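First up is the structure itself, then whatever we jot down about it.
The values are calculated or read from the model by the stated rules, or taken from the named source; none is laboratory data. In this text the structure is predicted, and so the values were computed from the model without any measurement. All Cβ positions, glycine included, derive from the backbone under ideal geometry; neighbour counts span all protein chains shown.
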Amino acid sequence: MAVPSTPALAAEVDCPHPDLAKPSAPARPVPPADDAEDMAVGGEDLATHGLIVPDGAKKPPSLTATTWIVADLDTGEVLGACGPHVYQTPASVQKTLLAATIIDKLDPEQKVKVVKSDLKIEENSSAVGIVVGGTYPISTLWLGLLLNSGNDAANALARTAGGGGSDGVATTVAAMNAKAAAIGAYQTHAVTPSGLDGKGQFTSAYDLALIARVCFANADFRKYVLTETAQMPAQKSLGVGGFQFQNENKLIYNYPGALGGKTGFTTLARHSYVGAAEKNGRRLVVTVLGAEAYPKRGWQQGAALLDWGFSLKEGSSVGHLVTPEEIAASKITPTASEEGGTGKVSAAAKTSRQGMSLLVAGGVAVLLAMIPLLLLLVQRRRRLLARRAPRRH
């Protein structure tokens, strides 16, 4: 899976963080132990908890983000990173995985009737304001999800994509984990469709860049995340009026060439951010995790990293974003059924597949050894038939 990269600064150099007192927050959940194969996805140089940048590159900006990555959306080159494969909690940037999984499976014009379970979200968490019994187009729910980070919209979309029944959300979450595994996002495990904290829910800066690459390849996603304002339709039969809501991603208002993205925050995860921009025909994506809002908000830290990335010459690289084709062709491809749909490959599964590989290899070797004997038998058979055949006149 690993590929060579240009000489890089970094082995275990700490990422540049300002010396600031951070606000108190709940203790972070204990992540799974590092897996050597997962840490090296995209290049061996990325298997670090520290800073990794191309040789000769200027120092990246000082941030409060715990981990981050900057990559080229089109070539897949990773321009630089800090702990790209370190486990983190995602907050609402996990909504990009929901989009990557189901956005091309739902008709934007389809109408969805909201049920009570769609509004089952944490108190004081983000909601766009859909109402039970109301009917909304899928396109409006996507806008509510991506502009206003509506956890209610996330539940409605996930339930609908999962068949519409009581187990629809769980079905979609399983599909999200399968999608993550299929694109090489091995450190991502979703528990909720919205990114609201859940036990065992993790991601990494590298994984989010893979997910963002899938999202930005979709025309509807690109349109939604660049939308500045949208209208929630009135539900006249329920006596509920319509209202306008705005895009909370301030990158699109303040950064020339912004392509959009997604903000995120929970008390546990802190601030997270995924964003992209284009300059002189070059499109870069940035992901930021575990950041504080002071002195720069998440989107501002993303903007600073985009500036740094655009300052590097094209071709600068410390690794690459793997493609689904590479994952499909790799000798070990995780499946959703392994380890309860987490997208992780268990040791037993790896051993089983390696054993199967050995059996196949052994069978091929035996077949190759038999080829000369088979050819000899064919030649003898032909000579015998030639002797018995009647002569033509």
Item to complete: Evaluate the stretch 228-236: report whether one residue or more is in contact with a helix residue (DSSP H, G or I) (Cβ under 8 Å, 6 or more places away or on another chain), part of a helix (DSSP H, G or I) and not basic (Lys, Arg).
Response: no
Worksheet item: Just to be sure, is Tyr206 of a type in the set (Phe, Trp, Tyr), within 27 Å of Ala40 (Cβ to Cβ) and buried (at least 22 other Cβ atoms within 10 Å of the Cβ)?
Response: yes
Discussion item. Can you report the number of residues in the stretch 86-128 which are buried (at least 24 other Cβ atoms within 10 Å of the Cβ) and closer than 30 Å to Gly50 by Cβ?
Written reply: 10
Worksheet entry | Residue that is of a type in the set (Gly, Ala, Ser), under 24 Å from the mean Cα position of the chain (by Cα) and either assigned to a loop (DSSP other than H, G, I, E, B) or more than 26 Å from Phe221 (Cβ to Cβ) (or both), where the choices are Ser126, Ser62 | Ser126
Worksheet item: So which residues in the stretch 291-302 are crowded, with 23+ Cβ neighbours inside 10 Å and either basic (Lys, Arg) or part of a helix (DSSP H, G or I) (or both)?
Response: Gly298, Trp299, Gln301, Gly302
Practice prompt. Sort through Ala65, Ala40, Ala71 and tell me the only one that's closer than 18 Å to Glu326 by Cα, crowded, with 17+ Cβ neighbours inside 10 Å, in contact with a strand residue (DSSP E or B) (Cβ under 8 Å, 6 or more places away or on another chain) and touching a residue at least 12 places away in the same chain (Cβ under 8 Å).
Written response: Ala71
Fill in: Positions within the stretch 129-166 being assigned to a loop (DSSP other than H, G, I, E, B) and surrounded by fewer than 17 Cβ atoms within 10 Å (Cβ to Cβ), in sequence order
Gly129, Val131, Val132, Gly133, Gly163, Gly164, Gly165, Ser166
Worksheet item: So is Ala175 modelled with pLDDT of 95 or more, more than 22 Å from Trp68 (Cβ to Cβ) and either of a type in the set (A, V, I, L, M, F, W, C) or in contact with a Leu (Cβ under 7 Å, 6 or more places away or on another chain) (or both) or not?
Response: yes
Item to complete: Give me the pairs, please: first residue somewhere in the stretch 240-260 and closer than 15 Å to Lys223 by Cα, second residue anywhere and loosely packed, with under 15 Cβ neighbours inside 10 Å and at pLDDT below 95, beta-carbon distance under 6 Å, and either six or more positions apart or on two chains.
Response: none
Item to complete: Could you please let me know if Asn218 is buried (at least 22 other Cβ atoms within 10 Å of the Cβ) and modelled with pLDDT of 95 or more?
Response: no
Item to complete: Considering (1) within 20 Å of Pro54 (Cβ to Cβ); (2) touching a residue at least 40 places away in the same chain (Cβ under 8 Å), say which one Arg270 fails and leave the rest.
Response: (1)
Practice prompt. Could you list all residues from the stretch 41-65 that are of a type in the set (Gly, Ala, Ser) and in contact with a Leu (Cβ under 7 Å, 6 or more places away or on another chain)?
Written response: Gly42, Ala57, Ala65
Worksheet item: Before we move on, is Thr227 at pLDDT below 95, in the same structural domain as Thr89 (by TED's automatic domain parsing), among the polar types (S, T, N, Q) and under 25 Å from the mean Cα position of the chain (by Cα)?
Response: no
Worksheet item: In this structure, is Thr48 part of a loop (DSSP other than H, G, I, E, B), assigned by TED's automatic domain parsing to the domain that holds Glu248 and either of a type in the set (Phe, Trp, Tyr) or modelled with pLDDT of 95 or more (or both)?
Response: yes
